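What follows is calculated from the coordinates using simple rules that are stated; it is not laboratory data. None of these values were measured; they are calculated from a predicted model. A quick note on method: Cβ atoms are made from the backbone with ideal geometry, for glycine too, and the neighbour counts reach across all protein chains shown.
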Amino acid sequence: MLPKQHNLVLSPYIELYNILIPKDNLLRRINELVDFTFVYEELKESYCHNNGRTAQDPIRMFKYLLLKTIFDLSDVDLVERSKTDLAFKFFLDLAPEESVIDPSLLTKFRKLRLKDMKLLDLLIGKTVEIAIEKGIIRSKSVIVDATHTKARYMQKTPQEVL
């Protein structure tokens, strides 16, 4: 069951975000400029609206997956870093002293709510599209082919040299 309204976070430590996270921080800029409400619209069929326990906020769960994609972290590493990294907590709309989720919830979210990976790609694609439109991400390169090639400096492994 989805919560009816977004919870307002009241914390005596909320000012830490303004002191410690610079205004040009990537996560701060994404959080302030991108409207993530499209996630509700895309996932509304995945949730029961009148029955069951209250679910974790789908926007927060999507933001966890977005952080996982941006920083190339495992679920466990992402949750561990979210405990101590104030930029992550700010991006996830958590108070500095608020606890984070269990890593297994990310797996459940992917399996139950994002049954096909095309939906996750669609959500991430929309976020990147909005971020490029707002000028947060600037891409000057185009990747044509991602074929693995041997690098010049590491043609042989140490075992091969021996």
Return the distance in nm (one decimal) between the two label points of a simple spin-label model at Ser74 and Glu133, each offset 7 Å from Cα along Cα→Cβ. 3.7 nm
Each label point is 7 Å from the Cα along the Cα-to-Cβ direction; what then is the distance between the points at Leu16 and Asp102, in nm? 2.5 nm
Calculated from backbone phi, Karplus (6.51, -1.76, 1.60) coupling profile of region 66-82 in Hz, x at Gly/Pro: 5, 4, 4, 6, 5, 9, 6, 10, 6, 4, 5, 5, 4, 5, 4, 5, 5
Could you tell me the center-to-center distance, by alpha carbons, between region 106-139 and region 69-98 in angstrom? 17 Å
FRET efficiency, 1/(1 + (r/R0)^6) with R0 25 Å, evaluated for Ala95 and Asp35 via beta carbons: 0.70
What does the highest-first list of 86-92, 45-51 look like by mean Cβ count within 10 Å? 86-92, 45-51
